[in-house]
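Read-outs throughout are calculated quantities, based only on the coordinates presented, and are distinct from any laboratory measurement. Owing to the predicted nature of the structure, the values given are computational and were not obtained by experimental measurement. Glycine also receives a Cβ, built like all others from the backbone with ideal geometry; neighbour counts cover every protein chain displayed.
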Amino acid sequence: MANLVLLTDFMLFLEDELLLNPGEVAPDIQFKSLRTWSSLNALILISRINDETGIFISASDLARCTTVADLHQLVQNEIHGAQ
């Protein structure tokens with residue numbers, strides 16, 4: 001199970017899940033502009049976040065995020081709201 005609390009760990013998780021090279025993900029990058037981003041990868045990412053944290057992020061929640069930091073904050077809000 002991945003630890004997604006720290007932003008740096010979350011970025012490593014994204015790199016792994018989206019098959020990106022180390023260093024391709026940064027907090028201010030618009031994750032939808034990542035070279036491997038697709039609607040299928042969005043669904044896979046939603047599923048993997050659920051697998052790793054037990055929380056559910058909807059597609060509309062994901063669509064409201066712009067940057068990697070926004071997505072990380074959404075995950076953190078859901079984790080802390082679910083406790």
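Annotation note: Cβ proximity below 9 Å between a residue of region 13-35 that is under 13 Å from C65 (Cβ atoms) and a residue that is acidic (D, E) and assigned to a loop (DSSP other than H, G, I, E, B) (sequence gap 6+ or interchain) occurs for L14/E24; L34/E24.
If I go through region 2-12 residue by residue, how many of them are without any contact (Cβ under 8 Å) to a residue 24 or more places away in the chain and either within 16 Å of I79 (Cα to Cα) or under 11 Å from the mean Cα position of the chain (by Cα) (or both)? Result for region 2-12: 4. Scanning region 49-77 for residues that are touching a Phe, Trp or Tyr at 6+ places or on another chain (Cβ under 8 Å) and crowded, with 17+ Cβ neighbours inside 10 Å returns C65, V68, L71, H72, V75.
Assess whether L14 counts as being in contact with a Lys or Arg (Cβ under 8 Å, 6 or more places away or on another chain) and surrounded by 15 or more Cβ atoms within 10 Å (Cβ to Cβ). Considered against the rule, which asks whether it is in contact with a Lys or Arg (Cβ under 8 Å, 6 or more places away or on another chain) and surrounded by 15 or more Cβ atoms within 10 Å (Cβ to Cβ), L14 comes out as no.
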